[in-house]
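Please read the structure below before turning to the comments.
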Amino acid sequence: MKAALSSIRESSSPENEFLNDVLQGLSDRQKNIPCKYLYDEQGSQLFEKICNLEDYYLMRTETEIFNTYLVDIGREIGAEALLVEPGAGNCEKVEALLNVLEKPSGYYPIDISPEILRQAEKRISQSVSNIPIWTEVGDFTQSKVWDNLTQIPSKKRVVFFPGSTIGNFEPKKAGQLLELFAANLNEGDGLLIGVDLVKDSVVLERAYHDSEHITERFTKNILSRINSELDGDFDSSLFAHRAFYHQLRQRIEIHLVSLKEQSVSISGRQIEFFEGETIHTENSHKYELRGFNSLLLDGGFKPVRQWTDSSESYAIYYAQA
Ligand code: AVI
């Protein structure tokens with residue numbers, strides 16, 4: 001028999017945060033929009049499509065590492081762990097992990113989308129026997145969203161952060177995010193984290209400028225979202241998707257390039273673009289193994305083990321708080 005305990009708690013966020021962030025970002029010298037806004041329902045569906053693209057090697061490679069070392073990873077985590085997953089996504093990996101762990105004490109996904117959490121809860125309760133599930137709605141980068149975790153009984157907490165999401169944060173912010181994770185763990189608790197590694201720029205750029213143009217649709221979806229939610233009038237055909245690898249910063253940068261001089265209205269405010277001006281929508285940082293070890297140490301974690309694919313294209317780390 002399969003059973004699940006659950007409760008959904010709402011963490012409120014300012015109603016007009018999206019509008020404020022967009023107007024603020026578009027008034028910066030380098031126009032930008034925070035990448036968290038890429039993930040409405042349509043954006044999340046497009047991101048799932050990206051994950052299955054031939055050109056986008058990240059998910060495939062991470063899954064390969066998981067499949068190869070799952071038992072080993074499970075042994076490293078140990079018995080009676082509560083798995084905490086910030087940004088739960090489609091749960092495929094946590095499902096396999098929960099099934100290999102010795103007597104896991106529960107699953108605690110945190111996500112901005114109540115719908116994603118409902119799906120996660122349904123899926124995990126069907127596929128993992130007798131696992132208590134607590135879901136938390138909110139932005140996992142906000143410390144208050146973690147407050148309820150202290151009420152959940154567990155011998156050991158392990159933050160599970162796959163998918164190289166850490167790469168979407170600038171290194172300083174990535175360090176602060178790791179500090180936030182560490183602040184919500186006790187000494188000896190764990191962090192299991194996936195990260196994309198530095199590699200040939202042609203391979204990297206192809207992953208973010210795919211031949212099927214799904215990444216372009218994913219990026220431009222932010223403009224449709226502004227149109228529908230913030231009363232905007234972007235014409236997405238007047239912007240081009242650009243993704244390039246910045247060697248010095250070791251990151252893919254994604255921009256939308258204005259194809260002509262134009263003026264766009266958002267909630268009654270006019271935003272001017274000159275031809276060739278860009279909106280910076282996303283960074284995806286790539287790490288060297290040594291560099292990521294340092295980031296973990298700076299964030300308050302002691303690296304314990306790491307697993308990579310044969311060409312060292314991607315890594316999964318286990319670290320202790
Ligand atoms: C979620 N994150 C790890 C993806 C990445 O590779 O940086 C987001 C993405 N953006 C475009 N393609 C994928």
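The values are calculated or read from the model by the stated rules, or taken from the named source; none is laboratory data. Please read these numbers as outputs of a predicted model, since none were measured by experiment. Positions of Cβ are backbone-derived with ideal geometry, glycine not excepted, and every protein chain shown enters the neighbour counts. Calculation scope for accessible area: heavy atoms of the full protein, side chains included, ligands and nucleic acids excluded. Shrake-Rupley method; radii C 1.70, N 1.55, O 1.52, S 1.80 Å.
Output yes when any residue across the stretch 14-21 is under 30 Å from residue 156 (Cα atoms) and either surrounded by 12 or more Cβ atoms within 10 Å (Cβ to Cβ) or modelled with pLDDT of 95 or more (or both), and no when none is. Looking for residues that are under 30 Å from residue 156 (Cα atoms) and either surrounded by 12 or more Cβ atoms within 10 Å (Cβ to Cβ) or modelled with pLDDT of 95 or more (or both), one finds none in the stretch 14-21, hence no.
Looking at the structure I just gave you, is residue 309 over 21 Å from residue 36 (Cβ atoms), touching a residue at least 60 places away in the same chain (Cβ under 8 Å) and within 14 Å of the ligand (Cβ to nearest atom)? No, not satisfied. Could you please let me know if residue 57 is within 16 Å of the ligand (Cβ to nearest atom), under 22 Å from the mean Cα position of the chain (by Cα) and closer than 23 Å to residue 117 by Cα? When the stated conditions are applied, residue 57 does not pass them.
Filter the stretch 28-40 down to the residues that are open to solvent by 80 Å² or more (accessible area, probe 1.4 Å) and more than 15 Å from the ligand (Cβ to nearest atom) and list them by number. Selection gives 29, 30. Whenever a residue of the stretch 193-220 is over 26 Å from residue 291 (Cβ atoms), its partners that are more than 12 Å from the ligand (Cβ to nearest atom), lying with C-beta atoms within less than 6 angstrom and at least six residues away or across chains, give the pairs 220/236.
If you check residue 258 against the conditions, is it surrounded by 15 or more Cβ atoms within 10 Å (Cβ to Cβ), within 16 Å of the ligand (Cβ to nearest atom), polar (S, T, N, Q) and at pLDDT 95 or above? So residue 258 fails the test.
Identify, please: which residue in the stretch 142-173 is more than 12 Å from the ligand (Cβ to nearest atom) and among the hydrophobic types (A, V, I, L, M, F, W, C) and is, among those, surrounded by the fewest Cβ atoms within 10 Å (Cβ to Cβ)? Give the derivation first.
Filtering the stretch 142-173 down to residues more than 12 Å from the ligand (Cβ to nearest atom) leaves 142-160, 170-173.
Applying the additional criterion that residues be among the hydrophobic types (A, V, I, L, M, F, W, C) yields 145-146, 149, 152, 158-160.
Numbers: 145: 21, 146: 23, 149: 18, 152: 15, 158: 24, 159: 28, 160: 24.
By that ranking, first place goes to 152.
The number of residues in the stretch 88-130 being over 23 Å from residue 47 (Cβ atoms), out of contact with any Ser or Thr (no Cβ under 7 Å at 6 or more places or on another chain) and either aliphatic (A, V, I, L, M) or open to solvent by less than 10 Å² (accessible area, probe 1.4 Å) (or both) comes to 3. Of the residues making up the stretch 41-67, those that are of a type outside the set (Val, Ile, Thr), buried (at least 16 other Cβ atoms within 10 Å of the Cβ) and over 23 Å from residue 211 (Cα atoms) number 1. Among the residues of the stretch 143-175, those that are more than 21 Å from residue 120 (Cα to Cα) and assigned to a loop (DSSP other than H, G, I, E, B) comprise 155, 169, 170. Residues that are touching a Ser or Thr at 6+ places or on another chain (Cβ under 7 Å) and open to solvent by 50 Å² or more (accessible area, probe 1.4 Å) are absent from the stretch 289-310.
Identify, please: which residue in the stretch 27-45 is among the small types (Gly, Ala, Ser) and farther than 20 Å from residue 273 by Cβ and is, among those, nearest to the chain's Cα centre (by Cα)? Only one residue tops the list, namely 44.
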